Amino acid sequence: GDLATLVLHELVLTYSSAARVMLSWLEQWELDFHRRYDKTERHTLIDVRSLLAELEERLRAIERPEATAEDSWFTGLTSEKWPERVQRLMERSLKDLESIHGTLRASLDLLGVHATAQQLRLAQDQAKGQERLQTALALVTSVLLVPTFIAGTFGANTEVPGQGKWWGFVVMVILMVIGA
């Protein structure tokens, strides 16, 4: 029982260092995100999330919260010192994992907010482009409206001053320019 508890202790010792490595990955990702925004890769968050789930699943598999430290894993122990250490290490590792979960959620939220901001910026740019197009279209139609009306009037089959003479054509062009 003592030997098995010592092996379990050594196993549980590795969880805190693994959690520190994952937290370090998250911090590096966040720093990279703030430096490069759009060029930041997103796979690190997905990898950390899956590794975190795996680590928590393995830690929960050997956790026995309903039992006391000396009754948790093995019988026939000569001392309660090692099982208590294992239990404290497991509790600390689980708290570390909860903290990393919070950091991971914050990073995912940051990524979501940034993606939403990008979509909003894109929608605003498209709206500005459509507004410029509508303004140009309105300008072209207002410029062509009066000359079209005048040309239509002069081309009508009714008696118009200067019809068939050059001064009538000049008057028509001057009226079109002034109307535009």
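Structure notes:
- Membrane-span-like helices in the chain, defined here as complete DSSP H runs extending at least 27 Å along the helix axis by their C-alpha atoms with mean Kyte-Doolittle hydropathy no lower than 0.0, are 2-36, 43-62; this is a sequence and geometry rule, not a statement about a membrane.
- Carbon + sulfur, % of accessible area of the chain - ligands and nucleic acids excluded, 1.4 Å: 61
- Solvent exposure of segment 1-120 as accessible area per residue, Å², 1.4 Å probe: 63
- Counted residue by residue at 0.36 nm each, then reduced by the alpha carbon distance between them, the extension gain from residue 173 to residue 50 reaches 36.7 nm.
- In this label model, residue 110 and residue 11 are separated by 3.5 nm, measuring between points 7 Å along each Cα→Cβ vector.
- DSSP loop trypsin sites (Lys or Arg not before Pro) with at most 15 other Cβ within 10 Å: longest gap in the chain: 43-164
- Label point 7 Å beyond Cα of residue 75 along Cβ direction - residues of segment 1-22 with amide nitrogen under 18 Å: 1-5
- Partner lysines for residue 95 [C-alpha distance under 29 Å; skip if fewer than 8 residues away on the same chain]: 81
- Scoring 170-179, 24-33 by mean Cβ neighbours within 10 Å over their residues and listing the highest first yields 24-33, 170-179.
- Computed from label points 7 Å out along Cα-Cβ, the spacing between residue 166 and residue 118 is 6.6 nm.
- Over the chain, DSSP H runs of length four or greater, each weighted -39,500 (n - 2.57), average out per residue to a 222 nm ellipticity of -29500 deg cm²/dmol.
- Rounded to the nearest 10 square angstrom, residue 131 shows an accessible area of 120 square angstrom against a 1.4 Å probe.
- Solvent-free Debye calculation, one equal scatterer per alpha-carbon of the chain: log10 I(q)/I(0) at 0.12 Å⁻¹ equals -0.77.
- Cα→Cβ-extended label distance, 7 Å offset, between residue 64 and residue 127, nm: 6.3
The values are calculated or read from the model by the stated rules, or taken from the named source; none is laboratory data. These numbers come from a predicted model, not from an experiment. Methodologically, a virtual Cβ is constructed for each residue, glycine included, from the backbone with ideal geometry; neighbour enumeration extends over all protein chains shown. Each accessible area value is taken on the protein alone, full model and side chains, heavy atoms only, with ligands, DNA and RNA left out. Shrake-Rupley method; radii C 1.70, N 1.55, O 1.52, S 1.80 Å.
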